[in-house]
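The values are calculated or read from the model by the stated rules, or taken from the named source; none is laboratory data. Predicted model, so just to flag it, every value in this text is computed and none were measured. Counting neighbours? That spans all protein chains shown, and the Cβs are built from the backbone with ideal geometry, glycine included.
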Amino acid sequence: METRYFYVLRCALVLTDLILVNFCFSLGAQIANKYGFLAEQNYLRSNLLICNLIWLLCTAIYRLYSDATVHRVEAVYKATARSYVLHIFLFLAFLFMSKQNEFSRNFLVCFYTVMALAFLLSRFLGTYVTTVITKNYDLRKAVAVLGKNEGGQKLASYLLKQNSLKFVGFLDQDYPIINNDGLLEVSSAREQLRTAANYGVEEVFVSVNADKMNDLNDLIEEGEKNCIRLKFVPDFSALEHNFKFDKMDNFTVLCARKEPLESIENRFKKRLFDIVVSLGVIVFIFSWLYPLLAILIKLQSKGPVLFAQLRSGRNNKPFWCYKFRSMAVNKDSDRTQATKNDSRVTPIGRILRKTSLDEFPQFFNVLLGYMSIVGPRPHMIAHTDQYSKIIDKYMVRQFLKPGITGWAQINGYRGETRENWMMEKRVEHDIWYMEHWSLTLDLKIVFMTVINIIKGEKNAY
């Protein structure tokens, strides 16, 4: 549920608060000394760390930096005020228990007065900056509710209060998905999902009674075809179904799939891994490899050194994917896959493709955030359009950033797909990766990719 912007905001809040505590501690000591209220420097220095630790303890007790608190302005103010009051009591209790009677009472008055003013100013400034950013740069995730029943109405009220979400309304405002006989109108709901996708909606919360859950398979398939995540908020008291349960305040949300990378912490780990690895490859390998390969490519055929092609990215958004050009310039490159003994492939191109060196420019795609080191391989736009119509659950793989290598590739499903079953197996492996992601799994895939390149792969042509 948490977006990248609010995760950064949460981290920034922790950092700035700690800076404020230390700044106010120092300023309080200076004010006390200036006006003759001597603050013993030795005691101040020895207790500064304790002061910081107590602040972190207080904020943890009142969950000031939690996802649920940061998304609501009033919750941030309440948690800050409670943490401040608790800090006074705990810090004074510590001084009393440690028998530090020499500690300046005047300093404490100065410190907590400055601290109160500083946090009040900080929260007002933070609210203003957040409001300006939200107003001018819509960084929120667009969501909608399908099912205008009592549960849907309550859910909509909750979504409207979330700063990180842009609630666009009910999809079934004019065309209810439950008919007069109490039956689910799947055709109407599917049409509304397609409309939602056209308007940029990324997630749809479906509010239906538990006894209607068995009718939702078609709805799930339609959502995934349009790259929309469906999350269900039913009355599940008598429900037995293999959904992933999630919590959202007082609501229990059922997600159609388990996705570890929906967690902002996991996305942060994966992105950090991508940046470190791609920077290392670009600086230490690509910097000297590019001029060498550029000369060889130019000597063997006319055309650019790099080949850029529009491919399907995360959430089915197209991006320019870069490779070393391994073929002579031709008109079919955007439609036809490379085949065995393909006449378009140049001699140096065969070596590049066999060793996967042609993929090295994609580390720039990774650094720019369009790709990941590990993920489903990006397909040509024409192939995405083709296979999305004939391969079940094909578009589920588009929930992830495409990768330079992937789980399907190290298991032999790479290169040309002559028959539909080959693409089905690739999609099956991509979905398995999405549902079982871990940083350890990424490291394993990278290691196996290097081993496969050394050994040589029969489908690399």
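Annotations for the structure displayed:
Here's the yes/no breakdown for (1) among the charged types (D, E, K, R); (2) surrounded by 21 or more Cβ atoms within 10 Å (Cβ to Cβ):
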residue: Gly375; (1), (2): no, yes
residue: Met380; (1), (2): no, no
residue: Thr384; (1), (2): no, no
residue: Asp392; (1), (2): yes, no
residue: Lys401; (1), (2): yes, yes
residue: Trp407; (1), (2): no, yes
residue: Gly412; (1), (2): no, no
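- Every listed requirement among (1) basic (Lys, Arg); (2) touching a strand residue (DSSP E or B) at 6+ places or on another chain (Cβ under 7 Å); (3) in a helix (DSSP H, G or I) is met by Lys354 save one, (2).
- Complete set of residues in region 137-151 that are assigned to a loop (DSSP other than H, G, I, E, B) and closer than 8 Å to Leu171 by Cα: Gly147
- Of residues in region 411-439 being of a type in the set (Val, Ile, Thr) and closer than 20 Å to Cys321 by Cβ, the one modelled with the highest pLDDT: Val427
- Meets criteria (modelled with pLDDT of 75 or more, of a type in the set (A, V, I, L, M) and outside the structural domain of Leu9 (by TED's automatic domain parsing)) for Leu184: no
- Flag for Ile351 being more than 22 Å from Trp320 (Cα to Cα) and free of Cβ contacts under 8 Å to residues at least 60 places away in the same chain: yes
Results for (1) under 19 Å from Leu306 (Cα atoms); (2) charged (D, E, K, R), shown as yes or no for each residue.
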site	(1), (2)
Ile351	yes, no
Asp385	no, yes
Val396	no, no
Gly403	yes, no
Leu443	no, no
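- For Thr130, the test of being loosely packed, with under 15 Cβ neighbours inside 10 Å and either more than 23 Å from Lys247 (Cβ to Cβ) or in contact with a Cys (Cβ under 6 Å, 6 or more places away or on another chain) (or both) is failed.
- Screening Ala308 on (1) loosely packed, with under 15 Cβ neighbours inside 10 Å; (2) assigned to a helix (DSSP H, G or I) shows it passes everything except condition (2).
- Checking each residue of region 89-103 against the condition of being in a helix (DSSP H, G or I), at pLDDT below 85 and within 21 Å of Ile19 (Cβ to Cβ) gives no match.
- Tallying residues that are basic (Lys, Arg) and not in a helix (DSSP H, G or I) within region 248-286 yields 2.
- The condition of being modelled with pLDDT of 80 or more and either surrounded by fewer than 19 Cβ atoms within 10 Å (Cβ to Cβ) or over 18 Å from Leu216 (Cβ atoms) (or both) does not hold for Ser164.
- Only one entry in Asp430, Asp392, Asp442 is touching a Gly at 6+ places or on another chain (Cβ under 7 Å) and among the charged types (D, E, K, R), namely Asp430.
- All positions within region 265-323 that are at pLDDT below 90, small (Gly, Ala, Ser) and touching a Ser or Thr at 6+ places or on another chain (Cβ under 7 Å): Ser301
- Those residues of region 104-123 which are surrounded by fewer than 16 Cβ atoms within 10 Å (Cβ to Cβ), more than 38 Å from the chain's Cα centre (by Cα) and modelled with pLDDT of 80 or more, in sequence order: Val109, Thr113
- Residues of region 66-78 satisfying the condition of being farther than 13 Å from Thr130 by Cβ and crowded, with 19+ Cβ neighbours inside 10 Å: Thr69
- Region 149-161, residues that are among the hydrophobic types (A, V, I, L, M, F, W, C) and buried (at least 17 other Cβ atoms within 10 Å of the Cβ): Leu155, Ala156, Leu159
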